[in-house]
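To start, the structure itself, in structure tokens.
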Amino acid sequence: MVIECKIMYAAPFDPQYFKSDAPKKMYANFPAGIHSMYIGEVINAWKK
């Protein structure tokens, strides 16, 4: 399934608010850093 969205909001996660060190350790050597959060409006969907 493919879901096409119009991005309404995007923000990187801020490591200082994690309640655990697991995400910081998991992404310590990941060039792109910790994930970002996206909120979007679904504008189309396709099912194969």
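The values are calculated or read from the model by the stated rules, or taken from the named source; none is laboratory data. Computed from a predicted structure; not experimentally measured. Positions of Cβ are backbone-derived with ideal geometry, glycine not excepted, and every protein chain shown enters the neighbour counts. For the accessible areas, the whole protein counts, side chains as well, though only heavy atoms, and no ligand, DNA or RNA atoms are used. Shrake-Rupley method; radii C 1.70, N 1.55, O 1.52, S 1.80 Å.
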Within the set of other residues whose C-beta is less than 10 Å from the C-beta of MET1, count the net charge using Lys and Arg as +1 and Asp and Glu as -1. +2
Can you compute the radius of gyration and Dmax for the chain, using only the Cα atoms, both in Å? 14.7, 41
Carbon and sulfur atoms: what percent of the 1.4 Å accessible area of the chain do they account for? 59
Please list MET37, MET1 from largest to smallest accessible area, probe radius 1.4 Å, with all protein chains kept in place. MET1, MET37
Within the chain: Cβ-based charge dipole about Cα centre, in debye rounded to nearest 20 (Lys, Arg +1; Asp, Glu -1): 180
Label 7 Å along Cα→Cβ of CYS5; the range 16-48 residues with amide nitrogen under 16 Å? 35-46
Can you list which of the chymotrypsin sites (Phe, Trp or Tyr not before Pro) found in the chain are DSSP loop residues with at most 13 other C-beta atoms within 10 Å? PHE18
Quick one: ranking LYS24, LYS47, LYS19 by accessible area, 1.4 Å probe, largest first, what do you get? LYS19, LYS47, LYS24
Taking a spot 7 Å from the Cα of ASN44 along the direction of its beta carbon, which residues of the range 1-28 have an amide N less than 16 Å from it? 1-7
